[in-house]
């Protein structure tokens, strides 16, 4: 018998584990199992890529400003 699980993305989709994408949440003993439908899974991947790009830009910004691009010659 398959267990019916709701999507954690808030869309209301429900299905068994084979129809959903597994993604662990939390660390160590506090880790939970979260399952997402295809639509919510793609949305989470886009958000993760955007946040990674923002962090990379934020980390490179001090290096770019220290090069004196705007100094007068």
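Readers should treat all values here as calculations from the given coordinates under stated rules, not as data from a laboratory. This one's a predicted model, so the numbers in the text were calculated from it and none came from an experiment. Please note: Cβ atoms are built from the backbone with ideal geometry, for glycine as well, and neighbour counts cover all protein chains shown.
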Relative to the chain, whose Cα atoms define the longest principal axis, helix 38-65 and its Cα axis are tilted in degrees, nearest 10, by 20
Note the listed values (1) 93; (2) 108; (3) 122, then indicate which one is volume of the Cα convex hull per residue in Å³ calculated from this particular structure. (3)
Hey, with R₀ at 22 Å, roughly what FRET efficiency would residue 46 and residue 11 work out to, going by the Cβ-Cβ distance, to 0.05? 0.90
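How high is the relative contact order of the chain? Use alpha-carbon pairs under 8 Å, at least six apart in sequence, and give a whole percent. Numbers along the way, then the final one.
Numbers: 63 pairs, mean separation 15.7, N = 73.
Relative contact order comes out at 21 percent.
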